[in-house]
Amino acid sequence: MNNSYRYFKNVDCKYFPCHEIKGKDFNCLFCFCPLYLMGDLCGGDFEYIKNVKSCSNCILPHKPEYYDEIISKIKNFSGNA
């Protein structure tokens, strides 16, 4: 997959890959997940550790096929603010 507005892969990042994902398409576009502040509404695989949201098991923002879902969640969430 080529770098574009929907996908970006930064293999030079010292943290790459930050999560284990099978396959070659690892999307770095949402390096810091824009859904993090949505709490339980993000839809990702997260847990709370000592009352702090931990997304270390979540790969949702790093899968290219979730781009549209993430953008939709951002639009819906910001519309409810």
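The values are calculated or read from the model by the stated rules, or taken from the named source; none is laboratory data. Owing to the predicted nature of the structure, the values given are computational and were not obtained by experimental measurement. When we count neighbours, we look across all protein chains shown, and the Cβ atoms used for this are built from the backbone with ideal geometry, even at glycine. Please note that ligands, DNA and RNA were not included when accessible areas were found on the heavy atoms of the full protein model with its side chains. Shrake-Rupley method; radii C 1.70, N 1.55, O 1.52, S 1.80 Å.
Across the range 43-81, the qualifying residues are those that are among the β-branched types (Val, Ile, Thr) and surrounded by 17 or more Cβ atoms within 10 Å (Cβ to Cβ), and the one among them that is farthest from Tyr7 (Cα to Cα) is Ile59.
Go over the candidates Asp40, Asp25 one by one and state the one that is of a type in the set (Asp, Glu), within 15 Å of the chain's Cα centre (by Cα) and open to solvent by 60 Å² or more (accessible area, probe 1.4 Å). So that I can check it myself, show each step before the final result.
Details: Asp25 fails: open to solvent by 60 Å² or more (accessible area, probe 1.4 Å).
Sole residue among the options that is of a type in the set (Asp, Glu), within 15 Å of the chain's Cα centre (by Cα) and open to solvent by 60 Å² or more (accessible area, probe 1.4 Å): Asp40.
Per the listing Cys42, Cys13, the residue uniquely touching a residue at least 12 places away in the same chain (Cβ under 8 Å) and either within 19 Å of Ile71 (Cα to Cα) or of a type in the set (Asp, Glu) (or both) is Cys42.
Can we say Asn3 is within 12 Å of the chain's Cα centre (by Cα), of a type in the set (S, T, N, Q) and part of a loop (DSSP other than H, G, I, E, B)? Steps first, please.
Values: within 12 Å of the chain's Cα centre (by Cα): no; of a type in the set (S, T, N, Q): yes; part of a loop (DSSP other than H, G, I, E, B): yes.
Against the criterion (within 12 Å of the chain's Cα centre (by Cα), of a type in the set (S, T, N, Q) and part of a loop (DSSP other than H, G, I, E, B)), Asn3 does not qualify.
Scanning the range 26-81 for residues that are in a helix (DSSP H, G or I) and small (Gly, Ala, Ser), we see that the one that is modelled with the highest pLDDT is Ser72.
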